[in-house]
Amino acid sequence: MPQTDETQRFTALSARLTGFDDGELTATGLVETYRAVAAERLGAEAYRRLLNGTEDPVGAPDGERAVSARAVTYLWYTGSWPGSPPRLVSPRGYAEGLVWKAAGLTAPAAAPGGYGSWAEGAGR
């Protein structure tokens, strides 16, 4: 799927927010999904301000852009939109959560080792 200018800006912003590069974020297969979720959940104006703002959205401890930036960062790391309770975007979002990549782990139950793999570690 070709990337639009908006998708490219969202990916670049997400890279700044998460510390993962554009390629790593694209490899999750979730850029367009997360872009759509952020646009919907933030609302058109807040989403536009987040994407088009010139100052660093994380630099200010308060304010709409900082809150929006934290929500997008949370989405990338957990696969969920923040709230009470957080809303899981998709099962793939859980499996591709950056929290697992940052820790050098695979999400539990996301990539099973096959029949009987649970027993291979027993007794060690």
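The values are calculated or read from the model by the stated rules, or taken from the named source; none is laboratory data. What you see is a predicted model, and the numbers here were worked out from it, not measured in a lab. Don't worry about glycine lacking a Cβ; one is built from the backbone with ideal geometry, like all the others, and counts go over all protein chains shown.
Consider A15 carefully, then state whether it is among the small types (G, A, S), more than 22 Å from A110 (Cβ to Cβ), touching an Asp or Glu at 6+ places or on another chain (Cβ under 9 Å) and in a helix (DSSP H, G or I).
Answer is yes for this residue.
Taking interchain pairs and intrachain pairs at least six residues apart, which have beta carbon atoms under 9 angstrom, with the first residue in the stretch 99-116 and under 26 Å from A15 (Cβ atoms) and the second modelled with pLDDT under 85 and of a type in the set (A, V, I, L, M, F, W, C)?
That search, which allows pairs on different chains as well, returns W100/A110.
Which one of G43, G63, G59 is small (G, A, S), on the phi > 0 side of the Ramachandran plot and at pLDDT below 95? Talk me through it step by step, then tell me what you get.
Values: G43 fails: at pLDDT below 95; G59 fails: on the phi > 0 side of the Ramachandran plot.
None of the other options fit; the residue is G63.
Restricting to the stretch 61-73, name every residue that is surrounded by fewer than 18 Cβ atoms within 10 Å (Cβ to Cβ) and under 11 Å from the mean Cα position of the chain (by Cα).
Hit for the stretch 61-73 is R70, nothing else.
Among the residues of the stretch 21-35, write down those that are of a type in the set (A, V, I, L, M, F, W, C) and assigned to a loop (DSSP other than H, G, I, E, B).
Hit for the stretch 21-35 is L30, nothing else.
Regarding L51, is this residue surrounded by 14 or more Cβ atoms within 10 Å (Cβ to Cβ), touching a residue at least 40 places away in the same chain (Cβ under 8 Å) and either β-branched (V, I, T) or under 19 Å from S80 (Cα atoms) (or both)?
Details: surrounded by 14 or more Cβ atoms within 10 Å (Cβ to Cβ): yes; touching a residue at least 40 places away in the same chain (Cβ under 8 Å): yes; either β-branched (V, I, T) or under 19 Å from S80 (Cα atoms) (or both): no.
When the stated conditions are applied, L51 does not pass them.
Please state which of the following conditions E32 fails to meet, knowing it meets all the rest: (1) acidic (D, E); (2) within 19 Å of P86 (Cα to Cα); (3) surrounded by 15 or more Cβ atoms within 10 Å (Cβ to Cβ).
Condition not satisfied by E32: (2).
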